[in-house]
Amino acid sequence: MVIIVGFGNPLLDIIVQLDDDTILQKYNIREDYEKEETANVIRLLLKDVSHLSPVFAPGGCAQNTLRILQWILNEPNSTVMMGAVGTDEHSAILEKLVQEAGVHTHYCRKENHPTGCSVVLIKGVHRALIAHIGAAQYLNIDDIRCNEKLDVLMKANLVYVEGFFVSQRVAIVEYVEAFCNDKSIPFVFNLSGVYMIENFPTEMWAFAQNADVLFGNSREYKTLIKNTNLSLSVDHFAIQLCQNYQNRKNLPYGKLVVITNGDECVICAHSGGHIEVLHVPKIDKSKFKDSNGAGDAFAAGFLAGLLLKKEPLTSMKWGCWSAQQIIQQSGCTIPKYTAQFITSID
Ligand SMILES: Nc1ncnc2c1ncn2[C@@H]1O[C@H](COP(=O)(O)OP(=O)(O)OP(=O)(O)O)[C@@H](O)[C@H]1O
Ligand SMILES: [Mg+2]
């Protein structure tokens, strides 16, 4: 059995179907808009939509990846989620939903801070997203440096950190990365968002360089390239990132740098100057629901392949298959069927 420990923002998605524009106008929210709001605005907004029967779903990037990985690996408690939530009603709802997906939750509780959430306001084909990271950003290094958490980390076969987690918690990521190096545990990092690279250029660059496996989309890699003042194509940059890798963890393909680009090719560079390119299989338009969680699902499929010692190209195919299943669900929802088919993909 393998154990994957994820670090990220454990967010609760609160999905609301709007019948008219009243709420959007009151809070000055444009359709298809994404923004962060204060705890107070979220509280008022939730009060105003409470009569619209909000639906709860687990969210957060690393948490999504762990839920999907758990579905693929299909062995109880293969995945463990670390992060901070509040002591409010939302924390209990989130924990229950994540545990139902088979993920072991190792949340730290922060009194006086609400559990992070993303309010998804749906009107017809449009969706606006209003988020508040809340308690998640108050996780501190002592919460991780305790025996209970270190015992879990010690057993990990792989540690996965979402880029959004870097905000306010650089010291934790540095600590986890050093711990992984010391114990020879592969450290996997997802760039997660262009604005993270813009806001934390030095830190994100350091994590990108030190990660044993790096995920991101092409926009994120282009932002990294811009910040480093290199004039390289994304492919050459990926190859360069894999060079001079010490491979203290004895990974069969050395460092892996994976670049997704929506429905365009996936690229994976690995140590020794190799690069694999895979055309993303097309999805029948009628089956396409939304691309919510596609990147998180791709990472889950790819990591499942990696953990089962598949070649990089096979892991890329597993990533695509996994993303394809999630795109055919509304939101980042685990399908009702098993993921067994994935094991037949070479
Ligand atoms: N329209 C699509 N058709 C088929 N596959 C898709 C499509 N969009 C995404 N995918 C699959 O999902 C993978 C990840 O997509 P993408 O590059 O958009 O991730 P991302 O930008 O990180 O997304 P996210 O916003 O979820 O983090 C792609 O490599 C592909 O396999
Ligand atoms: Mg992504």
Open item on the list: Tell me the residue from 75, 100 that is of a type outside the set (A, V, I, L, M) and within 22 Å of residue 331 (Cα to Cα), please.
Closed with: 100
Task: Per-region count, the stretch 4-37, residues buried (at least 19 other Cβ atoms within 10 Å of the Cβ), in a loop (DSSP other than H, G, I, E, B) and within 24 Å of the chain's Cα centre (by Cα) - done: 3
Task: So residue 145, is it farther than 28 Å from residue 205 by Cα and surrounded by fewer than 18 Cβ atoms within 10 Å (Cβ to Cβ) - done: no
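Please count how many residues of the stretch 71-85 are in contact with a strand residue (DSSP E or B) (Cβ under 9 Å, 6 or more places away or on another chain) and buried (at least 24 other Cβ atoms within 10 Å of the Cβ). Lay out the reasoning, then the answer.
Taking the stretch 71-85 first, the residues in contact with a strand residue (DSSP E or B) (Cβ under 9 Å, 6 or more places away or on another chain) are 73, 76-85.
Of the ones still in play, those that are also buried (at least 24 other Cβ atoms within 10 Å of the Cβ) are 79, 81-85.
Number of matching residues: 6.
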- [ ] Determine the pairs where a residue that is of a type in the set (Ser, Thr, Tyr), located within the stretch 204-230, has a partner that is within 16 Å of ligand 1 (Cβ to nearest atom) with Cβ atoms under 6 Å apart, the partner being 6 or more residues away or on another chain.
- [x] 218/234; 218/259; 218/261; 221/234; 221/259; 223/194; 223/197
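For the stretch 38-63, which positions are within 30 Å of residue 186 (Cα to Cα) and either without any contact (Cβ under 8 Å) to a residue 24 or more places away in the chain or in a loop (DSSP other than H, G, I, E, B) (or both)? I'd like the intermediate steps shown before the answer.
Step one: of the stretch 38-63, the residues within 30 Å of residue 186 (Cα to Cα) are 57-63.
Answer for the stretch 38-63, where residues must be within 30 Å of residue 186 (Cα to Cα) and either without any contact (Cβ under 8 Å) to a residue 24 or more places away in the chain or in a loop (DSSP other than H, G, I, E, B) (or both): just 60.
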TODO: Find all pairs meeting these conditions: Cβ atoms under 8 angstrom apart; at least six residues apart or on different chains; first residue within the stretch 318-339 and within 25 Å of residue 127 (Cα to Cα); second residue away from ligand 2 (no atom under 13 Å from the Cβ) and among the hydroxyl-bearing types (Ser, Thr, Tyr).
DONE: 326/333
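Filter the stretch 266-282 down to residues that are within 16 Å of ligand 2 (Cβ to nearest atom) and closer than 14 Å to residue 323 by Cβ and give me whichever is farthest from the chain's Cα centre (by Cα).
Pass one, the stretch 266-282, residues within 16 Å of ligand 2 (Cβ to nearest atom): 266-268, 280.
From the residues that got through so far, the ones that are closer than 14 Å to residue 323 by Cβ too are 266, 280.
Working: 266: 17, 280: 20 Å.
Taking the candidates together, the pick is 280.
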Task: Residues being farther than 17 Å from residue 1 by Cα and in contact (Cβ under 8 Å) with a residue 40 or more places away in the chain - total across the stretch 149-159 - done: 1
Open item on the list: Can you confirm whether residue 110 is without any contact (Cβ under 8 Å) to a residue 40 or more places away in the chain and of a type outside the set (S, T, N, Q)?
Closed with: yes
Task: Search result, residues across the stretch 141-168 that are under 20 Å from residue 210 (Cβ atoms), touching a strand residue (DSSP E or B) at 6+ places or on another chain (Cβ under 8 Å) and part of a helix (DSSP H, G or I) - done: 144, 153, 163, 165
- [ ] Identify the single condition in (1) within 16 Å of ligand 1 (Cβ to nearest atom); (2) in a strand (DSSP E or B); (3) of a type in the set (A, V, I, L, M, F, W, C) that residue 224 does not satisfy, given that it satisfies every other one.
- [x] (2)
Open item on the list: Given the condition of a type outside the set (Gly, Ala, Ser), under 20 Å from residue 79 (Cβ atoms) and in contact with a strand residue (DSSP E or B) (Cβ under 7 Å, 6 or more places away or on another chain), answer yes or no: does some residue in the stretch 315-322 qualify?
Closed with: no
Task: From the options 287, 309, residue that is within 11 Å of ligand 1 (Cβ to nearest atom) and touching a residue at least 24 places away in the same chain (Cβ under 8 Å) - done: 287
Task: Unmet requirement for residue 121, which otherwise passes all of (1) crowded, with 23+ Cβ neighbours inside 10 Å; (2) within 16 Å of ligand 1 (Cβ to nearest atom); (3) more than 20 Å from the chain's Cα centre (by Cα) - done: (2)
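When the residues of the stretch 180-201 are filtered to those that are closer than 20 Å to residue 65 by Cα and aliphatic (A, V, I, L, M), which remaining residue is surrounded by the fewest Cβ atoms within 10 Å (Cβ to Cβ)? If you could, list the steps in order and put the result at the bottom.
Of the residues in the stretch 180-201, the ones closer than 20 Å to residue 65 by Cα are 180, 185-194, 196.
With aliphatic (A, V, I, L, M) added as a condition, the list becomes 185, 188, 191, 194, 196.
Details: 185: 22, 188: 26, 191: 26, 194: 17, 196: 21.
Step by step, filter the stretch 180-201, then rank; the result is 194.
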Task: All positions within the stretch 260-280 that are modelled with pLDDT of 95 or more and either near ligand 1 (Cβ under 7 Å from one of its atoms) or of a type in the set (Gly, Ala, Ser) (or both) - done: 260, 261, 262, 263, 266, 269, 280
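The values are calculated or read from the model by the stated rules, or taken from the named source; none is laboratory data. Everything numeric here is computed off the predicted structure, so don't read it as measured data. Cβ sites come from the backbone with ideal geometry, for glycine too, and all protein chains shown count toward neighbours.
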